[in-house]
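Here is the structure we will look at.
Every read-out reported here was derived from the displayed coordinates using simple, explicitly stated rules and does not represent laboratory data. Please read these numbers as outputs of a predicted model, since none were measured by experiment. Please note: Cβ atoms are built from the backbone with ideal geometry, for glycine as well, and neighbour counts cover all protein chains shown.
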Amino acid sequence: MSRKWKEFSGIALLKWAALFAVAFVLSLPVTAETGFAANNYTVTVASGYLALRNAKAYDSSNEIGELYTGDTVDVTDSSGSTYWTVYSPKHGKTGYVNRAYLANSAGSRTVKVDSGYLALRNDKAYDSKNEVGKLYTGDTVQIANTNDDTYWLVYAPGLGKGGYVNKNYLQGTSSGTSGETRTVSVSKGYLALRNAKAYDSSNEIGELYTGDTVQLIDTSDATYWYVYSPKLGKNGFVNKNYLTGGSSSSGTVTKTVSVSKGYLALRSAKAYDAANEIGELYTGDTVQVTDTSDSTYWYVYSPKLGKSGYVNKDYLY
């Protein structure tokens, strides 16, 4: 065998070894150490396509690829408020996309309807003509855009489709307060679960009593919060002023009782009267404050007693 042939064979073997190594690395499962698996997003559009662009601008001249619902991209830079830098395995290109049309499992919600189905729509409107799919209780969706007050853009993995759904029929954990739990606290009677944001006996769909818990879904309204009741298995609106628990950012804080002797009375009314005492609280007991509007008597929930009532705020710290 000639010397030239030996040299050629050696070089060829090195090239093949290099190609094999690259192929092997590319075939490895993507992990946090080797790629952008944690930043994998699904394209979600109700119709048409999402443009992959070579500039951060909405301009037909900068389109370098078309991405459709179900296509995936790896986000490499999410610092932009509108356009994110992504790599598209489908096109083998890096470019910019409008982040409002990307969804992933980190923003998953669960469908919850009392009966029937939740329509997946190609438009932000209640219209039988725009239905593109049916979602049932227990189905999950990935959230892409929550800018609208009623209709959110989602990706439905079970259907392999993107579209709009009424956000009031979604529950579960995500960013913000959704998924947090609160405890019902009423001095007497019950807290009505309603199908509308109004105080009206005709819209009552359930009764919640002190100690019952609800899961928060939408806390945007100043008075009525949209919740899910595990006890009733229903979604609905409740007056937030009768919910306690959570952090101070939600308007509820925990205080500790401090009396020099005796006890602090939990009362059914804002008055110093032995007849309205419904419980005894001692130094070290804690209460969750619901209403601080009165100058003397605050409305609280006592986990120890499982009751709500009024206490003199001067004995709380």
With SER79 itself left out, Lys, Arg at +1 and Asp, Glu at -1 over residues whose Cβ is under 12 Å from its Cβ give +1
Here the Cα Rg-to-2.2 N^0.38 Å ratio for segment 105-171 is 0.96
Among chymotrypsin sites (Phe, Trp or Tyr not before Pro) in segment 231-311, those in a DSSP loop whose Cβ has at most 14 other Cβ atoms within 10 Å are TYR272, TYR282
Of all chymotrypsin sites (Phe, Trp or Tyr not before Pro) in segment 48-157, the ones in DSSP coil with at most 14 other Cβ atoms within 10 Å are TYR58, TYR68, TYR126, TYR136
In whole Hz, the Karplus estimates of ³J(HN,Hα) for segment 53-60 (6.51, -1.76, 1.60; θ = phi - 60°; x where Gly or Pro) are 10, 9, 8, 7, 7, 8, 7, 4
LEU264 neighbourhood, Cβ < 15 Å, K/R = +1, D/E = -1, net charge +2
Cα-Cα longer than 31 Å, checked against LYS167/LYS313; LYS56/LYS161; LYS112/LYS255; LYS167/LYS304; LYS93/LYS129, kept in input order, equals LYS167/LYS313; LYS112/LYS255; LYS167/LYS304; LYS93/LYS129
Rg from C-alpha atoms of segment 181-245, normalised by the globular rule of thumb 2.2 N^0.38 Å, equals 0.95
Counting only residues 5 or more apart in sequence or on a different chain, those whose built amide H sits under 5 Å from that of LEU266 are ILE278, GLY279, GLU280, LEU281
Restricting to aspartates and glutamates and to Cα separations under 13 Å from LYS124, and discarding same-chain partners fewer than 8 apart, the set is ASP148, ASP149
Non-local residues with an amide H under 5 Å from the amide H of ASN104, with H modelled 1.01 Å from N and Pro and chain starts lacking one, are THR42, ILE143
In whole Hz, the Karplus estimates of ³J(HN,Hα) for segment 149-157 (6.51, -1.76, 1.60; θ = phi - 60°; x where Gly or Pro) are 5, 10, 9, 9, 7, 9, 10, 9, x
Rg/Rh of segment 252-315 (Cα atoms, Kirkwood Rh), to two decimals, equals 0.91
Of all trypsin sites (Lys or Arg not before Pro) in segment 211-317, the ones in DSSP coil with at most 10 other Cβ atoms within 10 Å are LYS261
The answer for the net charge of residues other than ALA46 whose Cβ lies under 11 angstrom from its Cβ, with Lys and Arg +1 and Asp and Glu -1, is +2
Working note, segment 37-103: Cα radius of gyration (Å, one decimal) and Dmax (Å, whole number) are 10.4, 31
